[in-house]
Amino acid sequence: MNSQVLTRINNFAKSRLIELGGIFLLVVGFLLFISIATYSPEDPNFIYTAEVNEIKNFAGFYGSVISDVLLQSIGLISFFVVMNLMYWGLKIIIDKKINNFIPKIFYTIIYIIFGTTFINIFYNNSFWLIDNGNSGFVGQILKENIYIFSTSIENQYVGISILLISIIFFILSLGIKVKEIIKILSF
């Protein structure tokens, strides 16, 4: 009987710790979303320290710095990374287990690479992200290095292919099952 009680206590503690991890991811994702959505180029960051009395970012100084790092490095793809964190946190809370963590990180890196490249080729002009554009410096570096090998990267069909690859890997990084995709599409 003692081993059954200890097993139940162990399972209970394990489930609560996993739920805490999910709540942590959900909260971090939400705070990152707020800091990215309220980003202002005039706020202080790592490179530029403005003598502004009022920081416009809702998450304060740290939100300003973190959102600047994310937006200047991977650009608008930052919003998708935040969606990943929030979805993973929600799935961990609901399922009470962590599935395929390493492949999800790999898929996230792949869609960041293809997504920033696509944005840099076709939609890089920005009034909001002045320094590195909508794709960040990652997309800029990737496009320049790919452009060396093939100038046909700006072809419409190649662009659609890059977009489709990034969407597929985004869906894979979320870990959505086929049944859930069908439910979402039928909704």
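Side notes on the structure shown:
- Close contacts from region 88-113, counting a first residue that is closer than 19 Å to Ser73 by Cβ and of a type outside the set (A, V, I, L, M) and a second that is in a helix (DSSP H, G or I) and open to solvent by 60 Å² or more (accessible area, probe 1.4 Å), with Cβ to Cβ under 6 Å and a gap of 6+ residues or different chains, come to Tyr107/Leu172.
Every residue, every condition in (1) outside any helix (DSSP H, G or I); (2) of a type in the set (Phe, Trp, Tyr); (3) closer than 17 Å to Gly136 by Cα; (4) at pLDDT 90 or above, yes or no:
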site: Arg8; (1), (2), (3), (4): no, no, no, no
site: Asn11; (1), (2), (3), (4): no, no, no, no
site: Ser15; (1), (2), (3), (4): no, no, no, no
site: Glu19; (1), (2), (3), (4): no, no, no, no
site: Leu25; (1), (2), (3), (4): no, no, no, yes
site: Ser40; (1), (2), (3), (4): yes, no, yes, no
site: Glu54; (1), (2), (3), (4): yes, no, no, no
site: Val69; (1), (2), (3), (4): no, no, yes, no
site: Ser78; (1), (2), (3), (4): no, no, yes, yes
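- For region 91-109, the criterion of being assigned to a loop (DSSP other than H, G, I, E, B) and open to solvent by less than 60 Å² (accessible area, probe 1.4 Å) is met by no residue.
- Residue check for Gly136: open to solvent by less than 70 Å² (accessible area, probe 1.4 Å) and on the phi > 0 side of the Ramachandran plot: yes
- Flag for Ile113 being surrounded by 17 or more Cβ atoms within 10 Å (Cβ to Cβ), under 28 Å from Tyr157 (Cα atoms) and modelled with pLDDT of 90 or more: yes
- Once region 116-133 is narrowed to residues that are open to solvent by less than 30 Å² (accessible area, probe 1.4 Å) and part of a loop (DSSP other than H, G, I, E, B), the residue that is modelled with the lowest pLDDT is Leu129.
The values are calculated or read from the model by the stated rules, or taken from the named source; none is laboratory data. Quick caveat: nothing in here was measured; it's all calculated off a predicted structure. Cβ sites come from the backbone with ideal geometry, for glycine too, and all protein chains shown count toward neighbours. SASA here: full protein model, heavy atoms, side chains in, ligands and nucleic acids out. Shrake-Rupley method; radii C 1.70, N 1.55, O 1.52, S 1.80 Å.
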